[in-house]
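Student: To start, I am sharing the structure in question, which I have written as structure tokens.
The values are calculated or read from the model by the stated rules, or taken from the named source; none is laboratory data. Since we're looking at a predicted model, the values are computed, not measured. Note that each Cβ is placed from the backbone with ideal geometry, even for glycine, and that neighbours are counted across all protein chains shown.
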Amino acid sequence: MTSPNISVIKCHKCRSVLLDMSTVTNNYTTCDQQKCNSYNLSNFIFVSEDNLPDWIRRKVETEQWTKGRLNCEKCGCRVGVFDYVSGRKCDCGETVLPPVRFVASQVDRPIAVNISHKSL
Ligand SMILES: [Zn+2]
Ligand SMILES: [Zn+2]
């Protein structure tokens, strides 16, 4: 039995583990929501550049640190993107975002507040 306490992000479709929550960063500047509505940042999960999991690093290296998609290695489902070309800046031009991000709706992430969730 796997421990429910392990904080991992999984593919929404096939539930294979994509990354550890320890590689997720909250260390980025968010846009001033008054000025910018380009990104709803809560729709994305940003991965720390210093801490990229091997499979992401390999993909980024394959694309020579430009940009591309991150697909689940198991089911091929698109789970995120990386963009070292233009993605570092938000459309508003003010905020620098981490280049590697997962789309929140494509992945399952641990819900920290929902620990009393009833098991089936
Ligand atoms: Zn998958
Ligand atoms: Zn912005």
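Student: Step by step: first the residues of segment 1-17, then only those that are within 16 Å of ligand 1 (Cβ to nearest atom) and either modelled with pLDDT under 80 or of a type in the set (A, V, I, L, M) (or both), then the one that is surrounded by the most Cβ atoms within 10 Å (Cβ to Cβ). Which residue is that?
Tutor: ILE9
Student: Checking the structure you have, find out if any residue of segment 35-54 is among the hydrophobic types (A, V, I, L, M, F, W, C), within 16 Å of ligand 2 (Cβ to nearest atom) and in contact with a Lys or Arg (Cβ under 8 Å, 6 or more places away or on another chain).
Tutor: Yes, segment 35-54 contains a residue that is among the hydrophobic types (A, V, I, L, M, F, W, C), within 16 Å of ligand 2 (Cβ to nearest atom) and in contact with a Lys or Arg (Cβ under 8 Å, 6 or more places away or on another chain).
Student: A further question on this structure: Taking into account only those residues within segment 18-39 that are more than 16 Å from ligand 1 (Cβ to nearest atom) and in a strand (DSSP E or B), which is nearest to PRO53 (Cα to Cα)?
Tutor: Looking at residues that are more than 16 Å from ligand 1 (Cβ to nearest atom) and in a strand (DSSP E or B), I get ASP20.
Student: Still on this model: Please work out which one of (1) touching a Lys or Arg at 6+ places or on another chain (Cβ under 6 Å); (2) at pLDDT 90 or above is the condition ARG58 fails and give its number.
Tutor: Unmet condition: (1).
Student: Starting from segment 46-62, take each residue that is without any contact (Cβ under 8 Å) to a residue 24 or more places away in the chain and list its partners that are surrounded by fewer than 17 Cβ atoms within 10 Å (Cβ to Cβ) and of a type in the set (Val, Ile, Thr), counting only C-beta distances under 9 angstrom and pairs at least six apart or across chains.
Tutor: Pairs that qualify, where the first residue is without any contact (Cβ under 8 Å) to a residue 24 or more places away in the chain and the partner is surrounded by fewer than 17 Cβ atoms within 10 Å (Cβ to Cβ) and of a type in the set (Val, Ile, Thr), are ASP50/THR25.
Student: How many residues, within segment 40-52, are part of a loop (DSSP other than H, G, I, E, B) and over 14 Å from ALA104 (Cβ atoms)?
Tutor: Result for segment 40-52: 2.
Student: Considering segment 40-58 alone, what residues qualify as being away from ligand 1 (no atom under 16 Å from the Cβ), surrounded by 10 or more Cβ atoms within 10 Å (Cβ to Cβ) and within 12 Å of PRO98 (Cβ to Cβ)?
Tutor: Result: LEU41, PHE44, PHE46, VAL47, SER48, GLU49, ASN51, LEU52.
Student: Return the pair list, or none, for Cβ contacts closer than 7 Å from residues in segment 71-85 that are within 14 Å of ILE9 (Cβ to Cβ) and touching a residue at least 24 places away in the same chain (Cβ under 8 Å) to residues that are in a loop (DSSP other than H, G, I, E, B) and within 16 Å of ligand 2 (Cβ to nearest atom), at least 6 apart or on different chains.
Tutor: none
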